[in-house]
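Just below is one structure, and these are the notes that go with it.
Coordinate-derived values only; no laboratory data. Here the structure is a predicted model, which means the values were calculated and not measured. Positions of Cβ are backbone-derived with ideal geometry, glycine not excepted, and every protein chain shown enters the neighbour counts.
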Amino acid sequence: MSAAIELDQVDKRFANGVAAVQALSIAIAAGQFVSLLGPSGCGKSTVLRLVAGLEQPSAGRVRIGGEAAQARSAAMSYVFQEPTLMPWARVLDNVALPMRIQGAARAAAREKAHQALAAVGLADRAGAYPAELSGGMKMRASLARALVTRPAVLLLDEPFAALDEITRHRLNDELLALWGTQVPTAVFVTHSVFEAVYLSQRVLVMGGRPGRLVADLPIALAYPRTPALRLQPQFTQHCRTVIGALQRAEAGAAGPR
Amino acid sequence: MRPVHSLRRAWRRAWILTAACVLPATQSWASPDPVVFATNWKAQAAHGGFYQALVDGTYARYGLAVTIRQGGPQVNNRPLLAAGHIDFLMTGNLLHAFDNLKNGVPTLEVAAIFQKDPQALIAHPGQGYERFDRLKEAPVVLVAKDAQFTWWQWLKAAHGFRDEQLRPYNFNLGPFLANVRALQQGYAMAEPIYVRREGGFEPVVHLLADHGFDTYSTLIETRAATVRDRPDLVQRFVDASILGWYNYLYGDRHAANAAMLRDNPEISEEELEASVALMRSQGIVDSSDALRLGIGAMDLPRIRHFFESMVQAGLYRAGEVDPSQVAALQFVNKGVGLDLKRRLVARP
Amino acid sequence: MSALRRATIWVPAAAALAALMAWEAVVRLRGIPPYILPAPSLVVRTLWSNLDSLLVSWLYTIKITFGALLLALAGGVMLAAVFALSRALELALYPFAIALQVTPIVAIAPLILIYVDSTTASLLICAFIVAFFPILSNTLVGLRSADPNLQDLLTLYGATRWQRLRWLLAPSALPYLIAGLKISGGLALIGAVVAEFAAGAAGRETGLASRILEASFRTEIPKMYAALTLVALTGMAIHLASNALGRLLLGHWHPSERR
């Protein structure tokens with residue numbers, strides 16, 4: 001089950017006077033995989049937090065599935081750049097946490113957590129503590145936790161930025177596979193053009209300070225996507241388009257306020 | 001021989017002879033012996049004689065440059081004597097002397113300024129505490145830390161007091177004033193004055209000395225080595241202190257009081273005078289043997305007798321300590337100061 | 001046991017032994033009398049011959065120390081939780097906590113004894129006052145040091161205040177709490193001893209402080225040292241126990257307990 005996301009003329013000004021985004025309007029259909037791309041400071045993470053309901057817009061509206069976005073409306077998951085696991089708990093209990101909070105009994109929650117870990121290939125590490133895992137494994141556990149509640153919306157804030165390239169590519173494929181089983185609406189913030197093109201159906205390019213939508217580029221590449229795709233000319237073509245938009249976005253940021 | 005030469009030689013001989021005669025006599029004021037004397041409390045009337053000898057020049061005349069170091073509620077000067085940091089120590093009662101002997105600390109008492117220990121228990125009037133044997137029924141008895149391990153133990157053994165009554169006395173009259181059924185310790189010539197000032201009533205006073213606690217008090221204590229190696233110094237200090245006490249009790253004590261007020265600003269001249277009056281009326285200093293032998297008088301039978309009563313009270317085992325070893329009696333009992341007293345008392 | 005673990009035992013033991021032997025040598029060679037500085041051998045002999053009475057006092061001091069520590073733990077943690085959940089209460093009550101911390105218990109112990117008639121209760125209160133602030137302060141910092149991303153995650157999942165406290169804040173605060181406990185353990189002992197110096201009464205309900213005072217007033221210096229030795233040993237035992245507790249609770253995950 002997935003939900004559509006809609007931002008309608010959203011402004012966000014922080015208490016210190018900084019305007020993060022201005023007059024932002026974005027519509028994402030239910031079940032779509034969308035990347036948010038842009039230079040630093042253009043407000044990508046702010047958009048994600050607005051969608052999650054962790055921030056409230058200063059103007060305009062944010063709607064999830066037709067209703068106003070509130071943190072605490074169920075069925076949203078967030079994956080951070082750091083794995084954000086509780087170091088004092090075992091991996092299994094980390095993944096079970098969202099269900100425990102939402103009232104599930106320990107045994108039932110652990111059972112579901114086991115399944116989620118199996119889906120990311122960490123079933124044999126369920127009893128380990130986060131400190132014993134590699135960076136890639138911790139991120140997979142984080143993904144497992146995000147998906148264990150079968151969210152309608154999956155928000156990811158540069159989740160693979162801190163990993164090496166090989167692990168990154170592998171996790172890209174695993175993410176696509178997981179997304180493919182539940183198909184939540186996914187918003188993926190990234191710095192990497194290649195990653196954005198590889199993963200998503202649409203790439204939204206943001207730029208400027210405060211951030212505005214600079215380009216909305218559909219990626220007409222079929223799923224399932226495989227690593228071989230990266231070597232094909234359509235892929236390179238799309239990347240070039242995106243890079244161009246990105247350069248325009250960066251120029252816009254460098255220009256007069 | 002030419003007349004000038006012989007005259008000069010004569011003058012020179014005269015100078016040398018004069019110097020040889022005068023110099024030893026001036027030795028004392030030319031370089032007086034430095035002496036540190038530590039008391040067991042902040043300056044109060046019970047220290048008056050020592051301050052008197054200091055300010056009226058008696059110590060100086062005896063070739064002593066004395067510094068008086070006060071004690072106080074949190075100060076324990078006792079270890080300083082054995083450690084060599086002070087020369088003479090004011091000791092509250094003979095129990096300290098017995099303890100030193102028991103623990104091999106080489107000290108000796110050389111004079112007993114107080115013939116009676118002024119340690120007392122005081123009570124609120126009208127509570128039935130006018131009789132001493134009713135005191136053991138009091139629910140609360142406030143006793144300071146050092147006394148808890150000395151005369152309190154005797155009170156328990158000899159007069160039936162119990163540890164359940166005991167509360168620590170922190171030199172604050174508050175708990176006593178607030179509880180009419182409470183007793184507290186005090187010096188018979190000091191605390192009643194403070195109670196009158198702060199509580200507005202005259203407390204009932206029971207002198208422990210009247211009930212079997214017949215130790216000497218305010219003794220002058222020094223190291224055995226000092227007695228052995230510098231007996232002249234000890235004698236001078238004892239004699240000068242005795243004279244100081246006669247002058248303080250019977251003479252003009254204004255300067256001594258002023259010196260004590262400087263050291264302890266918390267008391268007043270009136271309180272000092274009231275204390276002196278009590279000291280005289282209660283016969284703390286100048287009574288029994290002192291009347292005959294001079295202030296500071298000590299004798300062995302009385303020391304022995306006190307030790308025996310402490311053995312009976314369970315503070316010591318029989319034979320644990322030889323009471324004849326705690327005091328050196330050669331410095332007192334010589335009637336020093338009696339003629340001074342006669343002169344002072346005879347004045348109109 | 002690894003060589004490193006063995007070293008953590010024999011190196012300090014050897015150093016202590018060397019110090020004791022040096023002390024003994026100095027006393028003997030320079031003929032220092034026992035009422036100035038007793039030799040360790042004399043202190044041990046005195047400890048042995050007075051063992052029954054000293055042990056009774058030791059048990060009392062330990063009772064007060066651990067009682068106060070438990071109270072400090074309960075009070076400090078509860079107050080920290082209250083402050084973490086309510087900023088208003090924190091602003092209102094924190095000044096009192098600070099005032100308690102900086103007031104010397106030597107000064108207020110006699111006062112407390114006036115208001116509370118029981119010696120044991122007033123000693124517990126004094127030792128509690130000394131011991132509770134590090135626990136309060138550290139636990140509060142710990143409760144506030146939770147990973148902000150995890151905070152966001154719990155907000156997203158709709159966690160209530162209590163759930164947040166249970167799943168995130170409390171475990172995040174545990175390392176800080178243990179650090180505070182290590183400090184407070186020693187302070188509770190100091191508080192118990194110092195409070196008894198100021199407000200204890202000889203005879204009944206007496207701990208090591210009374211033994212030390214009694215020995216001091218009766219010029220029994222070796223006995224003073226014997227009682228002080230027991231205080232020192234107790235302090236060391238508390239330190240080792242808190243370290244062990246830290247390893248037990250944090251060893252599997254917190255960097256501070258990693259070998």
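Data for the structure
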read-out: Shielding by other protein chains, C:208-221, mean Cβ within 10 Å; value: 5
read-out: Whole-Å distance, taken between Cα centres, linking the range C:196-258 and the range C:109-162; value: 23 Å
read-out: Mean residue ellipticity (222 nm) of chain A, computed from DSSP H runs ≥ 4 via -39,500 (n - 2.57), nearest 500; value: -12000 deg cm²/dmol
read-out: Separation between Cα centres of the range A:45-63 and the range A:211-250, rounded to whole Å; value: 26 Å
read-out: Total formal charge among the other residues, if their Cβ is under 10 angstrom from that of C:THR46, Lys/Arg +1 and Asp/Glu -1; value: +1
read-out: Zone of B:ARG230's modelled label, taken as backbone nitrogen in the range B:52-79 under 12 Å from a point 7 Å along Cα→Cβ; value: B:64-67
read-out: For the range A:99-160 and the range C:8-54, distance of Cα centres in Å; value: 60 Å
read-out: Taking the convex hull of Cα positions in the range A:86-149, its mean projected area over all directions (nm²); value: 3.6 nm²
read-out: Within 10 Å of each Cβ in B:304-312, the average number of Cβ atoms from other chains; value: 0
read-out: Around B:GLY49: net Lys/Arg minus Asp/Glu count, Cβ-Cβ under 13 Å; value: 0
read-out: Two-site FRET efficiency, A:ALA162 against C:ALA121, from Cβ-Cβ distance with R₀ of 51 Å, rounded to 0.05; value: 0.35
read-out: Net charge contributed by nearby residues that have their C-beta within less than 14 Å of B:THR226 (K/R +1, D/E -1); value: -2
read-out: Within straight-line cross-link reach of C:LYS223, aspartates and glutamates at Cα separation under 15 Å, skipping those fewer than 8 residues along the same chain; value: B:ASP99, C:ASP52, C:GLU214
read-out: Calculated SAXS-style log₁₀ I(q)/I(0) at q = 0.07 Å⁻¹ - the protein assembly as shown, Debye, Cα scatterers; value: -0.74
read-out: Cα-centre dipole for the range A:171-225 with unit charges at Cβ (Lys and Arg positive, Asp and Glu negative), debye to 20; value: 260 debye
read-out: Hits among lysines - C-alpha to C-alpha of B:LYS136 under 16 Å, sequence gap 8 or more where chains match; value: B:LYS156
read-out: Inter-probe distance in nm under a simple model that places probes 7 Å from Cα toward Cβ, at C:ALA241 and C:ALA74; value: 1.7 nm
read-out: Cα gyration tensor, the range B:28-78 - rounded (a/c under 1.5), prolate or oblate; value: oblate
read-out: Exposure proxy order (Cβ contacts within 10 Å, fewest to most) of A:TYR129, C:TYR94, B:TYR129, B:TYR248; value: C:TYR94, A:TYR129, B:TYR129, B:TYR248
read-out: Ratio of the Cα radius of gyration of the range B:119-211 to 2.2 N^0.38 Å, where N counts its residues; value: 0.96
read-out: Proximal lysines relative to A:LYS44, as straight alpha-carbon distance under 27 Å, when same-chain residues fewer than 8 apart are discounted; value: A:LYS12, A:LYS138
read-out: Convex hull volume per residue in cubic angstrom - Cα atoms of the range C:3-122; value: 216 Å³
read-out: Chain C: calculated mean residue ellipticity at 222 nm from DSSP helix runs of at least 4, using -39500 (n - 2.57); value: -27500 deg cm²/dmol
read-out: Within 10 Å of each Cβ in C:155-162, the average number of Cβ atoms from other chains; value: 6
read-out: Ranked list, fewest to most other Cβ atoms within 10 Å of each Cβ, for A:HIS191, B:HIS47, B:HIS206; value: A:HIS191, B:HIS206, B:HIS47
read-out: Neighbour-count ranking [beta-carbon atoms within 10 angstrom, fewest first] of B:THR91, C:THR8; value: C:THR8, B:THR91
read-out: At least 30 Å along the helix axis (C-alpha) and Kyte average at least 0.5, DSSP helices within chain C; value: C:3-29, C:51-85, C:119-144, C:170-199, C:221-250
read-out: Estimated [θ] at 222 nm from DSSP helical runs (n ≥ 4, -39500 (n - 2.57)) normalised by residues in chain B, nearest 500; value: -13500 deg cm²/dmol
read-out: Rounded FRET efficiency, nearest 0.05, which uses the C-beta distance separating C:ALA19 from A:GLN234 and R0 of 51 Å; value: 0.05
